[in-house]
Amino acid sequence: MKNLLSPIKIGSIELRNRVIMAPLTRSRSNREGIPNDLMRQYYEQRASAGLIISEATNISPMGVGYLNTPGIWTQEQIEGWKPITQAVHNKNGRIYLQLWHTGRSSHPDFHGGEFTVSASAINSGGQVNTYDGLKDKEPPRTLDISEIEDTIDDYVKAAKNAIEAGFDGVEIHGANGYLIDQFICSGSNVRNDKYGGSIENRCRFGLEVVAAISKAIGSDRTAIRLSPSGTFNGMFDETPVETFSYMIDKLNEYNLAYLHIMEPYAPPGKTYIPQDSYLQDREVTQYFRNIYKGNLMTNSGFNIDEANDYISNGIADMVAFGKLMIANPDLVERIENNANLNDWDVKTFYSGGEKGYIDYSFLND
Ligand SMILES: Cc1cc2nc3c(=O)[nH]c(=O)nc-3n(C[C@H](O)[C@H](O)[C@H](O)COP(=O)(O)O)c2cc1C
């Protein structure tokens, strides 16, 4: 029977196991978004995961919305990533880059005072941590059609850059209320052109990004993450089950490396507020398993036993771990040895520096 330690093929590569490192923003880069040696150490420590998905990485200057997050649009950024992918590969690990455009979940301060951009000019509410402290979000500006096309080009360039930087593939961040999700969900998209209105139109932008990246680097190196029951970043959809059933059924046409689904999730310090029309808790993966034909990765709040159950019952093919991977660089070895797991320290998630980043203990310390 398959479990977390069974190998799996995604696209044209084989993963040693199904213990996946979830994408985790850690804010250890710099204002220019250039990856550094501290990040190299962090990822290298976690190379025994079947696959590392990098922290969300900005595809363009307009995509930036969080402090000290890395980018993948300049040559310097590409060069900064190279030692990281090399270090992971030297340990026979695999690493994908998560492609990010924050859209309205940013602040004009990140763009020299220019408006943020989105599907429609609807403020999500809430606050953003800027270099000058917490500030209220402001209404975004609506992207016009030619800007949407330019943004798809930015995704493609970023994906090609990721391959140049040595990544094994890319995961498109379509979850958690960032730009692609802002197009998908009716609460943030009231456009009346071909990118808004019907479910088909709202999913068009995300699907065009998938198609363009698949064409540029191959669908076997392309994946996407979605949060069909997500409410983080002020997200809402009137018919979430129908919306995401359409989106996920369409993804079947691309033969992607995998689809990454998030179950209901709230970031540290926030509470998930369930909506009646949303699939609840553990219903989510099971529901979309019946629709999606390819490799399915799931995530959010899994412990090891639950993850093994999901894999052995065929509900998911892989499970991504976030906080457990932060606190246990050798999570795979700990699973192999049925060993105790370290606890994570929320205070150091985004604090910068080595503490809570590269100083979690290994089993043999
Ligand atoms: C510190 C932190 C940073 C995160 N950064 C990202 C990110 O960059 N991209 C993303 O898709 N999800 C991000 N998430 C969500 C995680 O990938 C994951 O979905 C979440 O932690 C739930 O999984 P877990 O219960 O295994 O931790 C982040 C979560 C945490 C705690």
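A short reminder: the numbers here are calculations on the coordinates, not readings from a lab. All values reported here derive from a predicted model rather than from experimental measurement. Using ideal geometry, Cβ is built from the backbone for each residue, glycine included, and neighbour counts are taken over all protein chains shown.
Count the net charge of all other residues whose Cβ sits under 11 Å from the Cβ of M247, scoring Lys and Arg as +1 and Asp and Glu as -1.
Numbers: positive: R202, R204, K250; negative: D181, E200, D237, E242, D249.
Its environment carries a net charge of -2.
Specify the inter-centroid distance of segment 90-128 and segment 184-222, based on alpha-carbon positions, in whole Å.
Each part reduced to its Cα centre gives a spacing of 17 Å.
Run down the lysines and flag those whose C-alpha is under 25 Å from the C-alpha of K250, throwing out any fewer than 8 positions away in its chain.
Answer for K250, where 25 Å is the Cα cut-off: K9, K157, K160, K194, K215, K293, listed by chain and number.
Compute the distance in nm between two label points, each set 7 Å from the Cα along the Cα-to-Cβ direction, one at N201 and one at T130.
3.3 nm
Would you list K270, K160 from fewest to most Cβ contacts within 10 Å?
K270, K160
In what order do W344, W100, W81 fall by count of nearby beta-carbon atoms within 10 Å, going from fewest to most? Walk me through the numbers on the way to the answer.
Values: W344 18, W100 32, W81 28.
With the fewest neighbours first, W344, W100, W81 line up as W344, W81, W100.
What does the charge count around L331 come to, taking other residues whose C-beta lies under 11 Å from its C-beta (Lys +1, Arg +1, Asp -1, Glu -1)?
0
Can you give me the long-range amide H partners of T25? Hydrogens built in the peptide plane at 1.01 Å from N, cutoff under 5 Å, separation of 5 or more residues or another chain.
Counting only residues 5 or more places away or on other chains, the set is A56.
Taking H as built 1.01 Å from N, whose amide H comes closer than 5 Å to the amide H of R141, not counting residues under 5 places away?
T116, V117, S118
HN-Hα J couplings of segment 353-365 from phi, Karplus 6.51/-1.76/1.60, θ = phi - 60°, integer Hz, Gly and Pro as x?
x, 6, 5, x, 10, 10, 10, 6, 6, 9, 3, 8, 5
Between R31 and D281, what FRET efficiency comes out of the Förster formula 1/(1 + (r/R0)^6) with R0 = 51 Å and r the beta carbon distance, rounded to 0.05?
After rounding to 0.05, the efficiency reads 0.85.
Per residue, what volume in Å³ does the Cα convex hull of segment 310-352 take up? Write out the running numbers ahead of the final one.
Details: hull volume 3.9 nm³, N = 43.
Dividing the Cα hull volume of segment 310-352 by its residue count gives 90 Å³.
Sorting T285, T239 on the 10 Å Cβ count, fewest up front, what's the list? Write out the running numbers ahead of the final one.
Numbers: T285 24, T239 13.
Sorted ascending by nearby Cβ count, the order is T239, T285.
Per residue of the chain, what 222 nm ellipticity follows from adding -39500 (n - 2.57) for every DSSP H run with n ≥ 4, rounded to the nearest 500?
-9000 deg cm²/dmol
Output ³J(HN,Hα) for segment 177-188: one whole-Hz value per residue in order, computed from phi by the Karplus curve 6.51 cos²θ - 1.76 cosθ + 1.60 with θ = phi - 60°, and x for Gly and Pro.
Values per residue, Gly and Pro as x: x, 9, 3, 5, 4, 5, 6, 5, 8, 5, x, 10 Hz.
Just to check, using Stokes-Einstein with a Kirkwood Rh over alpha carbon pairs, what's the diffusion coefficient of the chain at 20 °C and 1.002 mPa s in µm²/s?
Diffusion coefficient, whole number: 106 µm²/s.
For the pair E76 and S6, what calculated FRET efficiency results from E = 1/(1 + (r/R0)^6), where r is the Cβ-Cβ distance and R0 = 51 Å, to the nearest 0.05?
0.85
Over the alpha carbons of segment 1-159, what is the largest minus smallest coordinate on each principal axis, giving the biggest first in Å?
Sorted from largest, the Cα extents of segment 1-159 read 49, 31, 29 Å.
Between N252 and N364, 0.36 nm times their residue separation minus their Cα-Cα distance comes to what? Don't skip to the end; give the middle numbers.
Working: separation 112, 0.36 × 112 = 40.32 nm, distance 4.31 nm.
In short, 36.0 nm is gained.
Could you derive backbone 3J(HN,Hα) for segment 34-48 from the dihedral phi with the Karplus parameters 6.51, -1.76 and 1.60 (θ = phi - 60°), listing whole Hz in sequence and x where the residue is Gly or Pro?
The phi angles translate into 9, x, 9, 5, 4, 5, 4, 4, 4, 5, 4, 4, 9, 5, 7 Hz.
Under 5 Å between amide H atoms, partner at least 5 residues away or on a different chain: which partners does I52 have, H built in plane at 1.01 Å?
Amide H neighbours of I52, under 5 Å, 5+ apart: M21, R94, I95, Y96.
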